[in-house]
1. Taking a temperature of 37 °C and a viscosity of 0.692 mPa s, what whole-number D in µm²/s does Stokes-Einstein yield for the range A:40-92 with Rh from Kirkwood over alpha carbon pairs?
2. Could you state the orientation-averaged shadow area of the convex hull built on the Cα atoms of the range A:5-87, in nm² to one decimal?
3. With unit charges on the beta carbons (Lys and Arg positive, Asp and Glu negative) and the dipole taken about the Cα centre of the range A:1-71, which residue among A:TYR48, A:MET27, A:THR15 sits farthest to the positive side?
4. Using the Kirkwood radius over C-alpha pairs as Rh, can you work out the diffusion coefficient of the protein assembly as shown via Stokes-Einstein at 37 °C, viscosity 0.692 mPa s, in µm² per second?
5. How large is the Kirkwood hydrodynamic radius of the range B:42-84, counting all unique pairs of alpha carbons, in Å?
6. Starting from the Kirkwood radius over alpha-carbon pairs of chain B, derive D by Stokes-Einstein at 37 °C in a medium of 0.692 mPa s and give it in µm² s⁻¹.
7. So how far, in whole Å, is the C-alpha centre of the range A:89-111 from the one of the range B:19-33?
8. I'd like the Karplus ³J(HN,Hα) series for the range B:101-107: coefficients 6.51, -1.76, 1.60, θ = phi - 60°, whole numbers in Hz, and an x wherever there's a Gly or Pro.
Amino acid sequence: NAGVTQTPKFQVLKTGQSMTLQCAQDMNHEYMSWYRQDPGMGLRLIHYSVGAGITDQGEVPNGYNVSRSTTEDFPLRLLSAAPSQTSVYFCASSPNYNEQFFGPGTRLTVL
Amino acid sequence: AQSVTQLDSQVPVFEEAPVELRCNYSSSVSVYLFWYVQYPNQGLQLLLKYLSGSTLVESINGFEAEFNKSQTSFHLRKPSVHISDTAEYFCAVSNKAAGNKLTFGGGTRVLVKP
């Protein structure tokens with residue numbers, strides 16, 4: 001199993017550009033989530049999904065959209081990038097409340 | 001609402017010395033507690049977890065953590081650290097009502113010196 005994969009690993013955007021961060025898992029987990037990691041703030045939940053077709057907002061959802069059309073994929077869209085969205089983004093999946101499996105992360109810089 | 005406080009942002013420690021990373025949480029309901037480790041330029045990996053039962057939980061690489069309900073703490077300890085333990089450590093909490101939503105502390109960066 002590849003586990004949780006994320007693409008791209010690095011991305012530089014200009015303010016106002018849009019992009020999609022990709023996340024896929026091959027463990028058949030129902031629960032998937034997106035976090036952003038900023039120094040000294042730990043990880044903060046952006047959006048999450050409890051199954052295909054079901055998504056909900058986390059702690060810091062503004063400026064981000066998600067969709068979940070399949071169990072495997074959970075893309076995160078930045079509609080109009082802002083410098084405040086410069087961060088490291090992690091996708092995670094989980095079969096239950098027991099443990100979350102994290103991807104390797106995407107480092108995003110917005111100029 | 002639930003929250004997690006990691007009291008130390010950085011902990012320098014010499015190789016083979018003991019280390020303790022402090023974690024306190026706040027929640028109005030029963031909690032599940034986790035410690036994750038992040039090695040440089042990598043994602044997070046689960047180190048250990050408390051779901052129920054014995055309040056002392058151990059990892060395969062010598063770390064242990066004790067759930068203390070009265071003090072709302074879940075401190076992480078290792079009696080003798082190695083250079084390879086250099087990493088950032090995150091304490092996290094969830095509960096049944098919150099589903100799988102994890103709330104993380106700010107992280108503690110451990111630097112093991114030779």
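The numbers here are math on the coordinates, done by the rules we state, and not lab data. Note that this is a predicted model, so its numbers are computed, not measured. Virtual Cβ from ideal backbone geometry, glycine too; neighbours counted across all protein chains shown.
1. 275 µm²/s
2. About 5.3 nm², averaged over all directions.
3. Positive-end residue among those listed: A:THR15.
4. 182 µm²/s
5. Taking the inverse mean of 1/r over all distinct Cα pairs, the range B:42-84 comes out at 11.6 Å.
6. 232 µm²/s
7. Cα centroid of the range A:89-111 versus Cα centroid of the range B:19-33: 21 Å apart.
8. The phi angles translate into 6, 8, 10, 9, x, x, x Hz.
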